[in-house]
Amino acid sequence: MNVLQIVEQQIEEIKKNVNVTSIILVGSMRNLEFDVKLNDIDIFVITEEGSRQIRKILEVSGVEFDMNYFSKKVSEELIKKREQFFIECLKDGKLVYDRDGFGDYIIKESIREYNKGPDKIEDYEINNCIIKIDDYFKKLNKLQNGPKYEYHFLSNLCIKEMIKLYYRLNNIWVPKDKKLLKSLKKLNNDLFSIVVDFYNEYDIEKLKEVFDYIIGENIQKEM
């Protein structure tokens, strides 16, 4: 069997569970149009009953299935809380089984909530981020003549914190860490270029330039 046949067979197995009402393919494989060498399949399974999210990892004929089970009640709670992981996955999900229409409903609700954008960042959250970034700078100043691996490690944490703050200040959903720079390039190439300049030299002054760009004139700070 090829990968597509294995996936279809596994979907049929999941459907045999009478508690299952909807099956949704999520992630990069959701459209079942993929290279057979790529074999990690993410599936959201909606159930009639259940009090919590359950994750199951299953390997079938060399294909790994990462399955997350959510009851209808838990699904609606996650939508109400605007849980990014849940609505971000579902907004682009492919519905492959829907016994009673709930799967279609929860996908549409996810799209609706996602399109609203994230909750506005509060002033105390901004202040907490700045305090955390300031702490990174203090440590980095002390490490400039220290071990490079430690300096680079802290620099990476610091710049990641700043980029995430940029997204939140602009009321944009924060991408996953592995997609952070790729997404930033599309969103703001000027800021991306400054970040790349920093990575070329790991110069703390470039790191401060990234911070100044993100904060602008809107927030008073001491660095």
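The values are calculated or read from the model by the stated rules, or taken from the named source; none is laboratory data. Computed from a prediction, not measured in an experiment: that's the story for all the values here. All Cβ positions, glycine included, derive from the backbone under ideal geometry; neighbour counts span all protein chains shown. Calculation scope for accessible area: heavy atoms of the full protein, side chains included, ligands and nucleic acids excluded. Shrake-Rupley method; radii C 1.70, N 1.55, O 1.52, S 1.80 Å.
Residue-by-condition table, conditions (1) at pLDDT below 95; (2) of a type in the set (Val, Ile, Thr); (3) surrounded by 14 or more Cβ atoms within 10 Å (Cβ to Cβ):
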| residue | (1), (2), (3) |
| --- | --- |
| CYS158 | no, no, yes |
| MET162 | no, no, yes |
| PRO175 | yes, no, yes |
| LEU181 | yes, no, yes |
| LYS206 | yes, no, yes |
| ASN218 | yes, no, no |
| MET223 | yes, no, no |
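Residues that are closer than 17 Å to ILE24 by Cβ and acidic (Asp, Glu) were ranked within segment 39-62; the one that is least open to solvent (accessible area, probe 1.4 Å) is ASP42.
Taken over segment 155-182, residues that are over 15 Å from the mean Cα position of the chain (by Cα) and either under 18 Å from TYR202 (Cβ atoms) or part of a helix (DSSP H, G or I) (or both) amount to 8. The criterion of being farther than 23 Å from LYS178 by Cβ and either assigned by the TED database to the domain that holds GLU201 or surrounded by 14 or more Cβ atoms within 10 Å (Cβ to Cβ) (or both) does not hold for ILE121. Only one of the listed residues (PHE102, PHE70, PHE85) is farther than 16 Å from ASN17 by Cβ, assigned by the TED database to the domain that holds THR21 and aromatic (Phe, Trp, Tyr). That residue is PHE85. The set of residues in segment 136-145 that are surrounded by fewer than 12 Cβ atoms within 10 Å (Cβ to Cβ), assigned to a helix (DSSP H, G or I) and without any contact (Cβ under 8 Å) to a residue 60 or more places away in the chain comprises LYS138, LYS142.
Only one of the listed residues (LYS108, LYS91) is surrounded by 15 or more Cβ atoms within 10 Å (Cβ to Cβ) and within 24 Å of SER28 (Cβ to Cβ). That residue is LYS91. Of all residues in segment 166-179, those satisfying the criterion of being touching a residue at least 24 places away in the same chain (Cβ under 8 Å) and touching a Lys or Arg at 6+ places or on another chain (Cβ under 9 Å) are ARG168, ASN171, VAL174.
The strands (runs of 3 or more DSSP E) falling completely within segment 43-116 that include 3 or more residues that are touching a helix residue (DSSP H, G or I) at 6+ places or on another chain (Cβ under 8 Å) and in contact (Cβ under 8 Å) with a residue 12 or more places away in the chain map to 63-71, 94-98. When each of LYS148, LYS132 is tested for being modelled with pLDDT under 95 and open to solvent by 90 Å² or more (accessible area, probe 1.4 Å), the lone residue that passes is LYS148. Among the residues of segment 63-81, just one is modelled with pLDDT under 95 and open to solvent by 40 Å² or more (accessible area, probe 1.4 Å), namely GLU64.
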